[in-house]
Amino acid sequence: IYAAENAGPEDRARLLDLYASSDRTAVDVAEIVQILERVGARDYTRDEARHYRDEALAELDAAGVVQPAARARLEEIIVGVISA
């Protein structure tokens, strides 16, 4: 969605064509990845994930009801899944 909304007209049209196809080849997938990289979709997604990771950890702290060991384990899992 981010790429479709933020790509230039040519990339947007090509991306939509590629996604509409039911028989994508490895070359098509590589082209999709190139477009996603060109528009910064990976960086955007990574930044959004970090934002929500940090927000979740802050909410966990604000709740104050989690035992320290359990909280540490939850943070380990969250940070492990959504790493910098």
Query raised in the report: Points 7 angstrom from Cα along the Cβ direction at residue 18 and residue 43: gap in nanometres?
Result: 1.9 nm
Requested in this report: Over the chain, calculate the relative contact order: mean separation of alpha carbon pairs under 8 Å at least 6 apart, over the residue count, as a percent.
Outcome: 26 percent
Query - Helix 9-20 vs. the chain, principal-axis angle (Cα, 0 to 90°, nearest 10) - result: 80 degrees
Report task. Please report, to one decimal in angstroms, the Kirkwood hydrodynamic radius of the chain built from all distinct Cα-Cα pairs. Result -> 15.3 Å
Report summary line: Going from the fewest other Cβ atoms within 10 Å to the most, one would list 15, 57 as 57, 15
Query raised in the report: Pick from 41, 70, 49: which residue has the top mean-square fluctuation in a GNM of the chain where Cα pairs under 10 Å get a spring?
Result: 70
Report summary line: Relative to the chain, whose Cα atoms define the longest principal axis, helix 41-63 and its Cα axis are tilted in degrees, nearest 10, by 20 degrees
**Report entry** Cα-based helix-to-principal-axis angle, 68-81 vs the chain, degrees rounded to 10
**Finding:** 10 degrees
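Each value in this text was obtained by applying a stated rule to the coordinates, not by laboratory testing. All figures in this text were calculated on a predicted structure; none of them were measured in a lab. Glycine also receives a Cβ, built like all others from the backbone with ideal geometry; neighbour counts cover every protein chain displayed.
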